[in-house]
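Chemist: First the structure, then my questions, so here it is.
Read the figures in this text as sums done on the coordinates, not as results from a lab. Values in this document were obtained by computation on a predicted structure and should not be read as measured data. Neighbour counts run over all protein chains shown; Cβ positions are idealised from the backbone, glycine included.
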Amino acid sequence: MYIYLNNDFIEADKAVVHVSDLAIQRGYGIFDFFRVMDNVPLFLEDYIDRFYASAKTMRLDVPMEREAFKSTLFELIKKNNLPMSGIKVILTGGYSPDGFRISKPNLIIQQAAFLFPPDTVQPKGVKIITHEYVREMPTVKTINYLTGIWTLKKMEEQGAVDVLYQMRGEVTEFPRCNFFIVKQDGAVATPAKNILKGITRKHVLALAAKKFTVKEEIITLNDIAQAREAFMTSTTKRIIPIVQVDDKPVGDGKPGQITLTLLHDLIALEREEREKYKAVSA
Ligand SMILES: Cc1ncc(COP(=O)(O)O)c(C=O)c1O
């Protein structure tokens, strides 16, 4: 298994970064994560856009242009030949002489096997809890998951699978997922502000717009109490129905029909994307 580190493809267990890196000293860095299906990176352009945007906001220079970056990713995919996998791209603050100032960033690209359950398995609904917090740089995919990791214990103690951030009653996102509700009138709504704009969120919004009314707006805890359905989205989870928030059931307490329709449509879109890419590269 190879890892890409700065200019080299290195055997995974030989890839090392010095402890003076700002990622270690101050938790300063960004990353992104996308899936590879049958050796095809899904929705790659979206993830690259977000990676460069995160780097820019955090004042980190990606050490290569977009086309060279893409070629490097394809070379890694070829070398590792892990048809069903995930790729994580990390850009750190670099080796800081004073432990505080940004230096030349280190670029790390890792690949690991990643498999979904078969498409025929319907996801079970999950319980989530809420926690008062807004991420410090919500539009950026930073490597800082301090509150998400810290709240794991609270989550486990309450038998929940994730923690939805809220501030003064307005909900935003999970540490690693976006949040949606289906309102009483059947509209599909998701928070508009103080979030990372997930790539799955983007595709789910586009799919939902073909069949339902969609809204990007403020969503409150009260809106959730009135909602018919709720679900979460991410690259690693696709769409997971939410059937309980804190101690209250969502709707009738079962995975909702619109949620399951959107999951079905998302799986179909992934297949289309893979086939489209194969057709282009054939
Ligand atoms: C804070 C945050 N929100 C949302 C998401 C979901 O984004 P995506 O659908 O691009 O995986 C992530 C992904 O890790 C995240 O870190």
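Chemist: State which helices in the chain qualify, where a helix is a whole DSSP H run, it must extend 30 Å or more along its own axis by its Cα atoms, and its mean Kyte-Doolittle hydropathy must be at least -0.5.
Modeler: Membrane-span-like by this rule: 257-281.
Chemist: Evaluate E = 1/(1 + (r/R0)^6) for Asp247 and Thr147, where r is the Cβ-Cβ distance and R0 equals 25 Å; express this FRET efficiency to the nearest 0.05.
Modeler: With a Förster radius of 25 Å, E is 0.70.
Chemist: Follow-up question, since we're still on this one. For region 99-114, take each phi angle, set θ = phi - 60°, evaluate the Karplus expression 6.51 cos²θ - 1.76 cosθ + 1.60, and give the result in whole Hz per residue in order, putting x for glycine and proline.
Modeler: Each residue's phi maps through the Karplus curve to give x, 9, 7, 5, 10, 5, x, 9, 9, 10, 10, 10, 10, 9, 4, 8 Hz.
Chemist: By the scheme Lys and Arg +1, Asp and Glu -1, what is the net charge of all other residues having a beta-carbon under 12 Å from that of Ala279?
Modeler: Neighbourhood net charge equals 0.
Chemist: Give me, ordered by chain and number, the residues 5 or more places off Asp162 or on other chains with an amide H under 5 Å from its own placed amide H.
Modeler: Those lying under 5 Å, H to H, from Asp162 are Ile129.
Chemist: Moving on. Give the shape of region 187-282 as rounded, prolate or oblate, defined through the alpha-carbon gyration tensor: a ≥ b ≥ c are the square roots of its eigenvalues, a/c under 1.5 means rounded, and otherwise the shape is prolate if a/b is larger than b/c and oblate if not.
Modeler: prolate
Chemist: While we're here: Calculate the spin-label point distance for Glu67 paired with Ser103, positioning each point 7 Å from the Cα along the beta-carbon direction, and give it in nanometres.
Modeler: Once both label points are built, they end up 3.3 nm from each other.
Chemist: Here's another thing I want to ask about it. Going 7 Å from the Cα of Arg168 in the Cα-to-Cβ direction, what parts of region 115-142 have a backbone nitrogen less than 20 Å from that spot?
Modeler: Residues 130-139 qualify, since their backbone N sits under 20 Å from the label point.
Chemist: Filter the cross-link list Lys193/Lys276; Lys124/Lys193; Lys202/Lys278; Lys104/Lys141; Lys210/Lys237; Lys154/Lys237 down to pairs whose alpha-carbon distance in this structure exceeds 30 Å.
Modeler: Violating the 30 Å limit, Cα to Cα: Lys193/Lys276.
Chemist: With θ set to phi - 60°, apply the Karplus curve 6.51 cos²θ - 1.76 cosθ + 1.60 along region 126-131 and write out the HN-Hα couplings as whole Hz, x wherever there is a Gly or Pro.
Modeler: Values, residue by residue: 10, 9, 10, 10, 10, 8 Hz.
Chemist: Still on this structure, please answer the following. So, R0 is 41 Å and r is the distance between the beta-carbons of Glu216 and Ile10; what FRET efficiency does that work out to, to 0.05?
Modeler: It comes to 0.45.
Chemist: Go through region 1-59 and name the trypsin sites (Lys or Arg not before Pro) that are in a DSSP coil and have 14 or fewer other Cβ atoms within 10 Å of their Cβ.
Modeler: Loop-located and lightly packed - Arg59.
Chemist: Report the one residue of Val161, Val243, Leu266 whose Cα lies farthest in the direction of the positive end of the charge dipole of the chain (charges on C-beta: Lys and Arg +1, Asp and Glu -1; origin at the Cα centre).
Modeler: Selected residue: Leu266.
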